[in-house]
Protein chains: 2
Amino acid sequence: MFSEASAKMGVTYPKGFQAAGVKAGIKKSGNLDVAVIYTEKKAAVAGTFTKNAVAAAPVHVSKAVVATHTAHAIVANAGCANACTGAQGETDAAAMQKIAADALGCTLADVIVGSTGIIGQLLPMDKVEQGIHAAVKALSADGSVDAGNAIITTDTYSKAGATSVMIGGKEVRFGIIAKGSGMIRPDMATVLCFITTDADIDGVLLQEALSEVIEHSLNMISIDGDMSTNDMAIVLANGAAGNPKITEKNADYETFKETLLALCQGISEKIAADGEGATKFITVHVKGAKSFADAKTVGMSVANSPLVKTAFFGEDPNWGRVICAVGYAGVPMNPNHTTVTFGGIPVYADGTGVSYDADTLRTVMTAHDIVVEIDLKDGTEEAKVWTCDFSYEYVKINGEYHT
Amino acid sequence: MFSEASAKMGVTYPKGFQAAGVKAGIKKSGNLDVAVIYTEKKAAVAGTFTKNAVAAAPVHVSKAVVATHTAHAIVANAGCANACTGAQGETDAAAMQKIAADALGCTLADVIVGSTGIIGQLLPMDKVEQGIHAAVKALSADGSVDAGNAIITTDTYSKAGATSVMIGGKEVRFGIIAKGSGMIRPDMATVLCFITTDADIDGVLLQEALSEVIEHSLNMISIDGDMSTNDMAIVLANGAAGNPKITEKNADYETFKETLLALCQGISEKIAADGEGATKFITVHVKGAKSFADAKTVGMSVANSPLVKTAFFGEDPNWGRVICAVGYAGVPMNPNHTTVTFGGIPVYADGTGVSYDADTLRTVMTAHDIVVEIDLKDGTEEAKVWTCDFSYEYVKINGEYHT
């Protein structure tokens, strides 16, 4: 679905979008740190945000924009999260919005604001202002890579993707950039995910589609995510593709939603695999549940267990820790019916361990990508949760004293 | 409250109790691994157990004993948890009960059974049988230290305590032994806590008191706990003190419950401080909550955060991680009213960081014992949660591959 060329184009792959990333001196590293994404044709907008009661100032500002259902632009910075910054932080987030709106010639309510980086520090507003002006000047149809690099923090690489699909006889394109990693380094704030599409779709339906998609993609990463102070996923849909406008939940809507889901699941896997200090990418696949919610709860319980994560770091096929985390998830289950496999090899059944060939299982455990499958044998619903292991490097990164 | 001498006597400090611990060869180390606690005078019994759906076989056996409200003995082993052992595990737990009952001359329903150690392995029943016989022969009023050492696994020391209080003109004694540590090494199973008292108290009231006390003591340890497969806290009350029998919730009941609470809170602090790989003992004190449940939820959210725990390991006064964990706890809170102090020094207020003297705070962070106080300013209820930090050693211990 993703060609390398289109993936590089990211958020500028859909028609009518421009982007830029510039160096404004907010990151200590001197790397790119201010991004702008813009569509001249006004777009429908939808967003999902952190549920953390300690939400950062840009989250408050952007929620108000999403409530209007339309927008022209996203402005974001990395290096400083503008979180836990009190009244001054709210003022600064509003100022970012105004600077971008003035430079782009649109209204305040047309500009989404995002920030990520260190918590508890005020934005250096002089640098931010210069950065936004420079980014607006640099806007281009080739700017997605720079924009993607300008929003990363401790990520080891920028995450981007693009895809297209036929809707109503027209090619509809989607692009995405995202940053993660910080979820396991939350003095850095965490997930920013910006999606563009040239689909023509009603704003309320766009929100419904995004909310459902995020629940099945970004919210399935265990080192998540709705916990950080700054998380947001935003989609802009500018209608430039010229498809018949999607105004009801018809086949076109389903096609749109499925394409968006695939795009966001692809990004979610990349984010999980790039967790700080991660040496393994682990998919926890829970089957046989009574509901998706139950399957997700069990998967999250396993994926969030530091004991499961350290076992995978040690390449230890410790099914006891997995079934223990299943048992305390809070979902009724019968330990005598539940089965667990690692890389397709049964390790737990009938209430106890299963004999396995040690060499074969060793091959599974030493691989970078590992699939843990848990079958509750209690229904037909399922869920996949993505996570990473828990290494010395994790403790090192997070135990370092930065002042 | 605790004298060194009475603490050493532990579960044999109350009148009429005997105990023993012997080496049965179940632990690879060859250390003490089978314990028996016995009261000739039949005791009221109460218990609280893991809520994990994957409960171990001895938990099922002991729940049935507690349902009868009376018991004579506890038999326990370390080195093998008899968890995830299927039908054979249930048979073996029942056999442990029968062997002990026959040796002590009481009925099956008089014997509580506990196990702790490696999950997924069958008990070596020949060794267990010999061990129980040897322990019954060794029963004495000086046996508590041996019994305490026979139930530990990766604990660096055995936890014990004792206290006494006047009830109805009579001295009523309490003793306790417990093992923890395994909560952060759950291929070893976790908390066993055995309490004796010579109080005379109705069995139903005893259960009510124990349930309330455990909720405010052992269940306040973050690296807990109702998650493991084998957790149990048991109290035997044999009435040998001769106090007027407690049959209603009068002043005597309150005195009994408060004494039991102090005993169990003391043990809980010891268990938290002895977490595997721990270099810090952290008390998270949440104040100003609408309810105890809210305060506990917030405290657990902070105490369970790997990011908070690694920050304390790094002696980093990272209030951002603390307030972030408060924010995602799920309890409504206002970040602008909430305050956070480390060792009494304000670090967060009015929605942002507070200036502090770096040297003074450094003294707080480099100490072994650290108190984090969070005031939600939203009510009058409070809770204390005990935890430890999260070190390289933790990853090392739990990432090692044991076969």
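Some points to look at:
- For the stretch B:4-274, the relative contact order is 26 percent, taking Cα pairs closer than 8 Å that sit 6 or more residues apart in sequence and dividing their mean separation by the residue count.
- Gyration tensor verdict on the stretch B:281-400 (Cα atoms; rounded if a/c is under 1.5, prolate if a/b is larger than b/c, oblate otherwise): oblate
- Diffusion coefficient of chain A by Stokes-Einstein, Kirkwood radius over Cα pairs, 37 °C, 0.692 mPa s: 152 µm²/s.
- Euclidean distance between Cα centres, the stretch B:35-113 to the stretch A:87-160, Å: 63
- For A:Gln121, distant residues with modelled amide H under 5 Å away: A:Ala81, A:Asn82, A:Ala83
- Rounded to the nearest angstrom and listed largest first, the equivalent-ellipsoid semi-axes of the stretch A:260-318 from its Cα gyration tensor are 21, 18, 8.
- Whole-angstrom gap from the stretch A:234-282 to the stretch B:335-359, using each part's C-alpha centre: 40
- Tilt relative to chain A, helix A:251-273 - C-alpha long axis, 0 to 90 degrees, to 10: 70
- Structure remark: mean-square fluctuation, Gaussian network model of chain A, C-alpha springs under 10 Å; the largest value among A:Ala367, A:Ala78, A:Ala150 belongs to A:Ala367.
- A helix-only calculation puts chain B at -10500 deg cm²/dmol for mean residue ellipticity at 222 nm, using -39500 (n - 2.57) for each DSSP H run of at least four residues, averaged over all residues.
- 0 to 90° range, to nearest 10: angle between helix A:86-104 axis and chain A longest Cα axis: 60
- For the stretch A:94-220, the fraction of alpha-carbon pairs lying more than 23 Å apart is 43 percent, rounded to a whole number.
- For A:Ser291, inter-copy label distances in nm, listed shortest first [label point 7 Å out on the Cα-Cβ vector]: 2.1
- At the listed q of 0.12, 0.18, 0.19 Å⁻¹, the Debye profile of the stretch B:231-343, built from one uniform point per Cα, gives log10 I(q)/I(0) equal to -0.61, -1.01, -1.07.
- For chain A, built as a Gaussian network whose Cα springs stay under 10 Å, the top-fluctuating residue of A:Tyr13, A:Tyr157, A:Tyr392: A:Tyr392
- Applied to the stretch A:161-174, the Karplus parametrisation 6.51 cos²θ - 1.76 cosθ + 1.60 on θ = phi - 60° returns per-residue 3J(HN,Hα) values of x, 7, 7, 8, 8, 8, 10, x, x, 10, 6, 10, 10, 10 Hz, with x for Gly and Pro.
- In straight-distance terms, cross-link reach from B:Lys249 covers every one of the lysines whose alpha-carbon lies under 29 Å from its own, apart from those fewer than eight places away in the same chain; here that gives B:Lys15, B:Lys41, B:Lys42, B:Lys51, B:Lys63, B:Lys170, B:Lys257, B:Lys287, B:Lys290, B:Lys296, B:Lys384.
- Net dipole in debye of chain A [+1 Lys, Arg Cβ; -1 Asp, Glu Cβ; about Cα centre; nearest 20]: 620
- At most 10 other Cβ within 10 Å, DSSP loop - trypsin sites (Lys or Arg not before Pro), the stretch A:20-60: A:Lys28
- Debye, to nearest 20: dipole size of the protein assembly as shown, +1 on Lys, Arg Cβ, -1 on Asp, Glu Cβ: 280
- Cβ-based net charge around A:Asp252, under 13 Å, with every Lys or Arg adding one and every Asp or Glu removing one: -1
- The B:Thr156 and B:Thr363 beta-carbon pair, evaluated with R₀ = 25 Å, returns a calculated FRET efficiency of approximately 0.45.
- Listed values for the stretch B:122-135 are Karplus-derived 3J(HN,Hα) couplings in whole Hz (6.51 cos²θ - 1.76 cosθ + 1.60, θ = phi - 60°), namely 6, 5, x, 5, 5, 5, 4, 5, 4, x, 5, 4, 5, 5, and x replaces Gly and Pro.
- Percent antiparallel among DSSP beta bridges (both partners in the protein assembly as shown, rounded to 5): 70
- With all projection directions averaged, the alpha carbon convex hull of the protein assembly as shown covers 33.6 nm².
- Label-point separation in nm, B:Lys28 to A:Asn336, each point 7 Å along Cα→Cβ: 3.2
- Computed over the stretch A:203-263, the ratio Rg/Rh where both radii use C-alpha atoms and Rh is Kirkwood: 1.02
- Only lysines eight or more places from A:Lys27 in sequence, or on another chain, were considered; those with a Cα closer than 17 Å are A:Lys127, A:Lys179.
- In straight-distance terms, cross-link reach from B:Lys28 covers every one of the aspartates and glutamates whose alpha-carbon lies under 18 Å from its own, apart from those fewer than eight places away in the same chain; here that gives B:Asp126, B:Glu129, B:Asp146, B:Asp155, B:Asp187, B:Glu400.
- Here the 3J(HN,Hα) profile of the stretch A:283-288, calculated from phi with Karplus coefficients 6.51, -1.76 and 1.60 at θ = phi - 60°, is 9, 9, 10, 9, 10, x Hz, Gly and Pro shown as x.
- Three-way shape call for the stretch B:1-81 based on the alpha-carbon gyration tensor, with the a/c threshold at 1.5: oblate
- The stretch A:148-304 shape via C-alpha gyration tensor axes, a/c threshold 1.5: oblate
- DSSP beta bridges confined to the stretch B:281-400 are antiparallel in about 70 percent of cases.
- Ranked from shortest, the separations from the 7 Å Cα-to-Cβ label point of B:Thr91 to its equivalents in the other copies are 7.6 nm.
- Range in chain B, longest, excluding exposed GluC sites (Glu not before Pro) [loop by DSSP; at most 14 other beta-carbon atoms within 10 Å]: B:1-247
- With its label point defined 7 Å out from Cα along the Cα-to-Cβ axis, A:Asp126 lies at 8.3 nm from the matching points of the other copies, in increasing order.
- Proximal charge balance of B:Thr91 [Cβ under 14 Å; K/R count +1, D/E count -1]: -2
Readers should treat all values here as calculations from the given coordinates under stated rules, not as data from a laboratory. For clarity, every value in this text was computed on a predicted model and none was experimentally measured. Ideal geometry is used to build each Cβ from the backbone, glycine not excepted, and the neighbour counts take in all protein chains shown.
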